[in-house]
Amino acid sequence: MGDFFTTSVLVATAASAVRLATPYLLAALGETIGQRSGVLNLGVDGVMMLSAFFAYWTVLETGNMWLGVLIALLVGLIMGVLYGVITVFFEATQGISGIGIFIFGLGFSDLLFRQQVGTPKPIRRLPNIDIPLLSDIPYIGEPLFQRNLLTYAAFALVPVTMIVLNKTTFGLNIRSVGENPQAADSLGVSVERTRFSAIMIGNAFAGLAGGALVLQLGIFQPHLTQGMGFIAVALVYFGAWKPLGVMGGALLFGLVNAVVLQWKALGIIPVSISDLAGMAPAIVTIIALVLLARRVNAPAALTKPFVRS
């Protein structure tokens with residue numbers, strides 16, 4: 001255990017935590033916007049899987065990482081159109097529709113991988129970009145200011161999301177249709193258009209999350225996300241539907257993951273219980289959700305389809 005509490009190992013663990021938190025944060029921020037409009041999307045994991053595959057395949061074929069990021073974003077938007085039409089315009093049950101999107105993304109990405117790739121092949125990973133001066137700060141320079149561009153983007157989107165939700169007319173519309181869609185409709189706000197827009201943004205973020213995941217790892221394999229999308233949905237509840245709270249939850253989840261991985265590497269965790277220790281992040285999330293469940297209130301119209309009276 002003493003080997004863990006050294007400066008170099010602690011800094012490396014913190015850097016790993018920030019990296020691991022990136023896809024969770026991107027997906028959870030997008031889901032926050034969607035849920036604040038009253039739409040629960042349980043298909044986030046499927047969107048991440050499909051976006052991750054297409055980003056991976058694009059980079060594998062072209063060698064262009066940024067084209068892979070763009071493709072991941074476009075796949076997220078396409079899945080957003082599909083989910084938006086099903087839930088907003090056809091008024092299908094959100095939970096069932098989301099699970100359908102998840103199953104489709106999981107199965108289709110697996111099929112495409114087996115047909116187009118076959119066996120996992122490595123691709124270029126996103127390079128870290130050092131921010132001048134800040135990257136040289138002792139202890140925090142490496143974890144915070146020697147990251148890849150998508151990690152910087154994920155954390156920059158936290159204040160952007162806060163401003164959009166709290167300081168803009170569009171954000172006010174999102175919050176109003178998530179709390180009382182009938183009242184919003186009576187004031188001339190298009191509930192359908194607002195929710196559809198929120199779904200599109202949320203799925204675009206999920207697409208970026210899938211792209212960030214595969215481009216940070218540099219490899220793709222079936223079931224790559226391992227339930228990350230569902231954890232992202234849970235992080236929205238953990239963060240009480242607030243971007244700062246969601247960021248805190250993503251960092252906590254990333255930190256627990258990083259600590260477990262570091263302890264495995266140092267031999268602190270015996271091989272016999274390594275699989276059990278790998279469940280620690282999920283257990284921490286469940287405990288946190290149980291403790292917070294009674295202290296926060298979800299948007300009043302969450303999961304409820306809007307029917308004009």
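Laboratory data are not the source of any read-out in this text; all were calculated from the coordinates shown. The model shown is predicted, which means the values in this text are computed figures rather than measured ones. Here the Cβ positions follow ideal geometry from the backbone for every residue, glycine too, while neighbour counts run over all protein chains shown.
What full-extension length gain, to one decimal in nm, is calculated for Thr303 and Leu134 as 0.36 nm per residue of separation minus the Cα-Cα distance?
Values: separation 169, 0.36 × 169 = 60.84 nm, distance 4.33 nm.
Full extension from Thr303 to Leu134 adds 56.5 nm.
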Treat the range 101-184 as a sphere of radius equal to its Kirkwood radius over Cα pairs and apply Stokes-Einstein at 10 °C in a medium of 1.306 mPa s; give the translational diffusion coefficient in µm²/s, rounded to a whole number.
92 µm²/s
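Excluding Ala232 itself, what net charge comes from residues whose Cβ is under 10 Å from its Cβ, given Lys and Arg +1 and Asp and Glu -1?
Numbers: positive: none; negative: Glu31, Asp45.
After counting each charged neighbour, the total is -2.
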Using 1/(1 + (r/R0)^6) with R0 = 35 angstrom and r between the beta carbons of Thr62 and Val296, what's the FRET efficiency to the nearest 0.05?
0.20
Between beta-carbons, use under 15 Å as the cut-off and find the net charge around Pro127, counting Lys and Arg +1, Asp and Glu -1.
+2
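Sort 177-186, 15-24, 132-141, 156-165 by packing, meaning the average of other beta carbons within 10 Å per residue, with the highest value first. All intermediate terms of the calculation are to be shown ahead of the outcome.
Details: 177-186: 18.8, 15-24: 23.6, 132-141: 11.7, 156-165: 15.8.
Most protected by this proxy first, the peptides run 15-24, 177-186, 156-165, 132-141.
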Most fluctuating residue given options Thr58, Thr93, Thr32, as computed from a GNM of the chain linking Cα atoms under 10 Å:
Thr93
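Using the beta-carbon distance between Lys121 and Ile286 and R0 = 30 Å, what value does 1/(1 + (r/R0)^6) give for FRET efficiency, to the nearest 0.05?
According to the calculation, E is roughly 0.25.
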Unit Cα scatterers, Debye sum, the range 138-260: log10 I(q)/I(0) for q = 0.11, 0.15, 0.22, 0.23 Å⁻¹:
-0.48, -0.83, -1.46, -1.54
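If packing is taken as the average count of other Cβ atoms within 10 Å, what order do 114-124, 220-230 fall into, highest mean first?
Working: 114-124: 11.8, 220-230: 19.0.
Ranked from most to least packed, the peptides come out as 220-230, 114-124.
Report the semi-axes of the equivalent ellipsoid for the chain in whole Å, largest first, where each axis is √(5λ) for an eigenvalue λ of the Cα gyration tensor.
Details: eigenvalues 211, 104, 71 Å².
Each semi-axis is the square root of five times an eigenvalue, giving 32, 23, 19 Å.
Do any GluC sites (Glu not before Pro) in the range 1-108 lie in a loop, going by DSSP, with at most 13 other beta-carbon atoms within 10 Å of their beta carbon, and if so which? It would help to have the intermediate numbers written out before the result.
Numbers: sites: Glu31, Glu61, Glu91; in loops: Glu91.
Loop-located and lightly packed - Glu91.
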What's the center-to-center distance, using Cα atoms, between the range 172-224 and the range 47-65 in Å?
21 Å
Once you have the Cα-Cα distance between Asn166 and Phe5, take 0.36 nm times their residue separation minus that, and quote the gain in nm to one decimal.
53.9 nm
